[in-house]
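> Here it is, the structure in full.
Every number here is computed from the coordinates shown, using simple stated rules; none is lab data. Every value quoted in this text rests on a predicted model; they were computed, and no experiment measured them. Reconstructed Cβ throughout: ideal geometry from the backbone, glycine too, with neighbour counts over all protein chains shown.
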Number of protein chains: 2
Amino acid sequence: MEDRAQIQEHIKTQGELVRRLKAEKASKEQIDEEVAKLLQLKAQLGEDGKHQFVLKTPKGTRDYNPKQMAIREKVFNTIISCFKRHGAETIDTPVFELKETLTGKYGEDSKLIYDLKDQGGELMSLRYDLTVPFARYLAMNKITNIKRYHIAKVYRRDNPAMTRGRYREFYQCDFDIAGQYDAMIPDAECLKIVHEILSELQLGEFCIKVNDRRILDGMFAVCGVPDEKFRTICSTVDKLDKMSWEDVKKEMVNEKGLSEEAADQIGEYVSMQGGMDLAERLLQDQKMCQSKQACAGLSDIKLLFSYLQLFQVTDKVVFDLSLARGLDYYTGIIYEAVLTQAGVPPPANDSQNGASSEESVGVGSVAGGGRYDGLVGMFDPKGRKVPCVGVSIGIERIFSIMEQKAEASAEKVRTTEVQVMVASAQKNLLEERLRLVTELWNAGIKAEVMYKKNPKLLSQLQHCEEAGVPLVAILGEQELKDGVVKLRVVSTREEVDISRADLIAEIKRRTSEA
Amino acid sequence: MEDRAQIQEHIKTQGELVRRLKAEKASKEQIDEEVAKLLQLKAQLGEDGKHQFVLKTPKGTRDYNPKQMAIREKVFNTIISCFKRHGAETIDTPVFELKETLTGKYGEDSKLIYDLKDQGGELMSLRYDLTVPFARYLAMNKITNIKRYHIAKVYRRDNPAMTRGRYREFYQCDFDIAGQYDAMIPDAECLKIVHEILSELQLGEFCIKVNDRRILDGMFAVCGVPDEKFRTICSTVDKLDKMSWEDVKKEMVNEKGLSEEAADQIGEYVSMQGGMDLAERLLQDQKMCQSKQACAGLSDIKLLFSYLQLFQVTDKVVFDLSLARGLDYYTGIIYEAVLTQAGVPPPANDSQNGASSEESVGVGSVAGGGRYDGLVGMFDPKGRKVPCVGVSIGIERIFSIMEQKAEASAEKVRTTEVQVMVASAQKNLLEERLRLVTELWNAGIKAEVMYKKNPKLLSQLQHCEEAGVPLVAILGEQELKDGVVKLRVVSTREEVDISRADLIAEIKRRTSEA
């Protein structure tokens, strides 16, 4: 533990830093952060000058309690079953990568990367997503074909809004197909997978928007956006799901210096939504057709929809020219799945920043992805490309919805799978209880015993009611003499004597029924 | 991506740093580290001056490929089943904690903690184990009773020896029981769990050593070790599994300044091994009995062994006075499970430091734990204690052993669970294949299709052989006309026509048999 003197020294330096920043008129954000650190240090000294812990998890992170874990396990099982049904293998990569592995992959979002402190040795950063580590893995192992999923936590120094499932440490569930294949078949399977998962999780209505980076770029070109402004205009278009067109246009014109005329032309296109028909119409569009890129993208969207029909998922897929996704590495089709049905409203005490009251956890993006044919080549010494397409399921919002559902429902979430508690009503039977529970464990039965020499029967039964344990095996002097165990069904309170020799079979029979 | 100029700038500053350290005669270790960083920077520029990536994972970490993941899943399933059989819930905590949460918990090992860079906001470190985050979780949520497991990665800036399963990022599988209970019952259950897991994993012979922190401290006291030297002498005793008694004694006397007489007395005790009988004998030992602490520890060891007899695990448990475990937070019983049967020898190319050729991956510590009654109180503002005992399974060595076993065995490890591939021998049947695979997916069957318009039948069959897919559903013009599918068993090459309506039931029947 740091001692008092050390902390006071820290407080002094930190106080000076804050004063200097204020004098220099540093950004409010920066000053706020340093003030927060100062307060944290002061809290350590506490009122009475005693060292006190700040008992919390770091900003934007949380613990999962057993109930939340039970829900998380259920969601993961649904998702993993789907990935396995589609023949995916799985891999894992370290939580941190060499810093330079992540450099230059995320455009404007790079500032959100967590770096590790330089403690000697290599410079490292926490992974920001699972896609860049995947590309690094493929290049490093010279893999040109794989269908894999990867479920793991990623890290972003973003503004958290935790009741809506936005964290700084959060899970991603990624499914990607790498390899040189015929156009749009793997891309369509990714959308099929999103459709299956969101349907099975029963999260309410959803819609999957698709677009293509080449259509966006072509559109920018024919609308007169200068080449060097494609990326920044693209990231403004990306805000259309949260901002009105008027505000987006203002940002384009006033902040990014686009001509009003160009902005208006973009405005016309990005209001378009449809299916295969829209792709066909735009292929006839005089202006759009000036861009070869856009045409290639539109033809692929057509082909994609033909496969989606065979996969029976066109009911939820919309071709939407306003979909732009920020990440630098996409090269072809892009997509995003959005929940559209307002569910349970968020709790009133969303104390984190920026929680607008109208935004329900049941509405918003829950999956996204696209094609990134150039990313692996960025890691290969000879620049060899491995075409990839993939999807990432944003699990945290799904957890939040499931948690709210579980809380609203009357059904109790069990956090253990215990089938039977070994109990006794009389004193001095600890040894007998331990002997019996050992028999059960050795037979593969999930069993518990209270860690007391002489627990009360009532407290043993109460524990079963609370934890949802269905059976109690009760031992007493008489039962021991008779070579039986009293088996009690917790829900009905029915009790029956079972001979010791039959007990295991009887428990297995009763718990397999349930 | 950092540009050339920026990297050259870094190289310059780094070069200056190295020169300065050499001039200042800094430690070889520090100089080596900074030189490594310099070389890393230079490698980025490459021979031809082009920016080149260092294609690797950070030192001491690794990726898991699909085969390793299949093995990992199997090991986790065994361990999790055992934890669940014993009625445990599970929780999860963030990968990083506030820095001060970890401060002062690990004694001399604190230097191995990874810190995050100060990017504004709180100061944070990567978790070093799962025990301290567990204690923080209990204190923060005022939980006084829980039996939980937690499987997650932890981080230590240690010297890696990867072929023997020693990494800087590695999994721990922790099981802990928190709560005020009657003595030694939960402690005995932890040992029962280690016994069950190591037996089920079939890792060869093992032995579980137990000792008690109070016996160690009492022993040091009666042997004349000054109070302030307990911890440091304890960490020297801890090295007895890797060093001879002579070397341990030398370290005590020469480096830690213990009297030769005290060291010799310690030497006598730490050579003792036994069971309940040894505890009984030491309770009669005139010198040992001078320490109340030691007596309390010895009585508890006796009680522990009586419960271990009921749990039927005394065959593998040894009371060993040389067991000392380094961590600061243990207060009572401590234990460690050790594999004793040399298995497959390690690969010759253990290029990481310190791999002595005699040390096989099949030998060494695979689990450890103990009682830590004071740790939660360190987090509680009022210092309220929650007694805890737990065990941590060191999974990486187990993975290594299982991997070597799998490689030595003829049996192929499957990395997907695909039951059937939808194939065709003729051209222009992509749409029909997609239609059929959709039917199978929608019926919950694990199915695959090649992402080619016109794949060769041979390459489709070859894929099945390689990936272990048991069935192929073959479509052709004739089959479509007849309303059937040709179902081929990959292993026997037997083929049979199944009507389209019966296909799903037939696949389910055949794959549930297997």
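> With everything on Cα atoms, drop me the angle between helix B:395-408 and the longest principal axis of chain B, reported from 0 to 90° to the nearest 10.
50 degrees
> To the nearest 10 degrees, how steeply does helix A:28-45 sit against the main Cα axis of chain A, on a 0 to 90 scale?
Compared with the principal axis, the helix lies near 20 degrees.
> If you wrap the range A:4-45's Cα atoms in a convex hull and average its projection over all directions, what's the area in nm²? All intermediate terms of the calculation are to be shown ahead of the outcome.
On the way: hull surface 9.9 nm².
If you wrap the Cα atoms of the range A:4-45 in a convex hull and average its projections, you get 2.5 nm².
> Rounded, prolate or oblate: which fits the range B:45-200 when a ≥ b ≥ c are the square roots of the eigenvalues of the alpha-carbon gyration tensor, with rounded for a/c under 1.5 and prolate only if a/b beats b/c?
oblate
> Tell me, what is the FRET efficiency for residue B:277 and residue A:431 to the nearest 0.05, using R0 = 22 angstrom and their Cβ-Cβ distance as r?
Details: r = 20 Å, r/R0 = 0.90.
Rounded to the nearest 0.05, the efficiency is 0.65.
> Based on DSSP loop calls and a cut-off of at most 11 other Cβ atoms within 10 Å, the longest stretch of chain B free of exposed GluC sites (Glu not before Pro) is what?
Here the longest run is B:48-357.
> A further question on this structure: Bin by bin, in steps of 10 Å, what percent of the Cα pairs in chain A do you find, going until the bin that has the longest distance?
Bins of 10 Å from zero give 3, 14, 20, 21, 17, 13, 8, 3, 1, 0 percent of pairs.
> Assuming R0 = 60 Å, what is the FRET efficiency of residue B:17 and residue A:482, from their Cβ-Cβ distance, to the nearest 0.05? Before the final figure, lay out each step's value.
On the way: r = 81 Å, r/R0 = 1.35.
Working from the Cβ atoms, E equals 0.15.
> Let me understand the range A:264-320 better: what is its radius of gyration from the alpha carbons, and its Dmax, in angstrom?
11.8, 37
> Step through the table entries A:117/B:84; B:105/B:385; B:74/B:446, compare each Cα-Cα distance with 27 Å, and write down the pairs that go over it.
On the way: A:117/B:84 38 Å; B:105/B:385 16 Å; B:74/B:446 20 Å.
Exceeds cut-off: A:117/B:84.
> Further question: Please name whichever of A:478, A:437, A:507 sits farthest to the positive end of the charge dipole of the range A:420-512, dipole taken about the Cα centre and charges placed at Cβ: Lys and Arg +1, Asp and Glu -1.
A:437
> Per residue of B:100-107, what is the mean number of Cβ atoms on other protein chains within 10 angstrom of that residue's Cβ? Let's see the in-between values first.
Details: counts 10, 6, 0, 3, 4, 1, 0, 0.
Partner Cβ neighbours, averaged per residue: 3.
> Skipping prolines and chain starts, which residues have an amide H placed within reach, meaning under 5 Å, of the one on residue A:419, given they are 5 or more residues away or on another chain?
Close amide H contacts, sequence-distant or interchain: A:446, A:447.
> Under a Cβ-Cβ cut-off of 11 Å, what is the net charge of the residues other than residue A:486 that fall near it, where Lys and Arg count +1 and Asp and Glu count -1? Present the calculation step by step, with values, prior to reporting the outcome.
Numbers: positive: A:488; negative: A:479, A:482, A:494, A:495, A:497.
Surrounding charge for residue A:486 is -4.
> Here's another thing I want to ask about it. Rounded, prolate or oblate, given the Cα gyration tensor of the range A:420-512, with a/c below 1.5 counting as rounded? Let's see the in-between values first.
On the way: a/c = 1.30, a/b = 1.06, b/c = 1.23.
Rounded shape, in that the Cα axes give a/c under 1.5.
> Taking the Cβ-Cβ separation of residue B:110 and residue B:56 as r and a Förster radius of 30 Å, what is the calculated FRET efficiency to the nearest 0.05? Don't skip to the end; give the middle numbers.
On the way: r = 28 Å, r/R0 = 0.92.
Computed FRET efficiency for residue B:110 and residue B:56 comes out at 0.60.
> Which value, in debye to the nearest 20, describes the size of the charge dipole of chain B about its Cα centre when Lys and Arg Cβ atoms bear +1, Asp and Glu Cβ atoms bear -1, and nothing else is charged?
Numbers: 73 positive and 80 negative charges, 235 e Å.
Charge dipole of chain B: 1120 debye, to the nearest 20.
> Evaluate the charge dipole of the protein assembly as shown about its Cα centre and quote only its size in Debye, nearest 20, assuming +1 on the Cβ of each Lys and Arg and -1 on the Cβ of each Asp and Glu.
Numbers: 146 positive and 160 negative charges, 41 e Å.
That gives the protein assembly as shown a dipole magnitude of about 200 debye.
> Please rank A:59, A:74, fewest neighbouring Cβ atoms within 10 Å first, as an exposure proxy.
Ordered by Cβ neighbours within 10 Å, fewest first: A:74, A:59.
> Are there any trypsin sites (Lys or Arg not before Pro) in the range A:103-169 that are in a DSSP loop and have at most 11 other Cβ atoms within 10 Å? List them by number.
Working: sites: A:105, A:111, A:117, A:127, A:136, A:142, A:147, A:148, A:153, A:156, A:157, A:164, A:166, A:168; in loops: A:105, A:117, A:127, A:142, A:156, A:157, A:168.
Loop-located and lightly packed - A:142.
> Just to confirm a number: summing +1 for Lys and Arg and -1 for Asp and Glu over residues other than residue B:338 whose beta-carbon lies under 11 angstrom from that of residue B:338, what do you get?
Numbers: positive: B:209, B:316, B:397; negative: B:205, B:241, B:320, B:336.
Summing Lys and Arg as +1 and Asp and Glu as -1 gives -1.
> Ignore the peptide's own chain and count Cβ atoms of other chains within 10 Å of each Cβ in A:153-165; give me the average, rounded. Present the calculation step by step, with values, prior to reporting the outcome.
Working: counts 5, 0, 4, 0, 3, 0, 0, 0, 0, 0, 0, 0, 0.
Partner Cβ neighbours, averaged per residue: 1.
> Nothing charged except the Cβ atoms of Lys and Arg (+1) and of Asp and Glu (-1): what's the magnitude of the dipole of the range A:4-45 about its Cα centre? Round to the nearest 20 debye. List each step's numbers first, then the result.
On the way: 9 positive and 7 negative charges, 34 e Å.
My answer is approximately 160 debye.
> How big is the gap, in Å, between the Cα center of the range B:144-216 and the Cα center of the range A:284-334?
53 Å
> Listing A:484, A:237 from the residue with the fewest other Cβ atoms within 10 Å to the one with the most, what is the order? Intermediate results must be reported in sequence, preceding the final value.
Values: A:484 19, A:237 25.
So the residues, fewest neighbours to most, are A:484, A:237.
> Still on this structure, I have one more. Can you check what the Kirkwood hydrodynamic radius comes to for the range B:472-514, Cα pairs only, in Å to one decimal?
Numbers: mean 1/r = 0.0943 Å⁻¹.
Evaluated on the range B:472-514, it is 10.6 Å.
> State which entries of A:56/B:382; A:153/A:192; A:239/B:99; B:147/B:209; A:427/B:382 exceed 27 angstrom in Cα-Cα distance in the structure shown. If you can, show how the numbers build up before the last one.
Numbers: A:56/B:382 16 Å; A:153/A:192 24 Å; A:239/B:99 36 Å; B:147/B:209 23 Å; A:427/B:382 35 Å.
The answer is A:239/B:99; A:427/B:382.
> Calculate log10 I(q)/I(0) of the protein assembly as shown for q = 0.06, 0.07, 0.08, 0.10 Å⁻¹, where I(q) comes from the Debye formula with a single equal point scatterer on each Cα and nothing for solvent.
-0.53, -0.73, -0.95, -1.44
> Express as a percent, rounded to the nearest 5, the fraction of DSSP beta bridges in the range A:416-514 (both residues included) that run antiparallel.
Working: 9 of 17 bridges.
Percentage antiparallel, nearest 5: 55.
> Calculate how steeply helix B:503-513 sits against the longest principal axis of the alpha-carbon atoms of chain B, using the helix alpha-carbon long axis, and give the answer as 0 to 90 degrees to the nearest 10.
40 degrees
> Quick one: net charge of residue A:88's neighbours, Cβ under 11 Å, K/R +1, D/E -1? Provide the component values of the computation, followed by the final result.
Working: positive: A:84, A:85, A:147, A:148, B:446; negative: A:89, A:174, A:176, A:189, B:417, B:448.
That sum, taken over residues with Cβ under 11 Å, equals -1.
> Starting from the Cα of residue A:285, step 7 Å along the direction of its Cβ; do the same at residue B:442; then give the gap between the two resulting points in nm.
3.3 nm
> Any idea how far apart residue B:465 and residue B:180 come out in nm if each label point goes 7 Å out from Cα toward Cβ?
In this crude label model, residue B:465 to residue B:180 measures out at 6.9 nm.
> Suppose each label sits 7 Å from its Cα in the direction of the beta carbon; what would the residue A:382-residue A:227 distance come out to in nanometres?
In this crude label model, residue A:382 to residue A:227 measures out at 2.9 nm.
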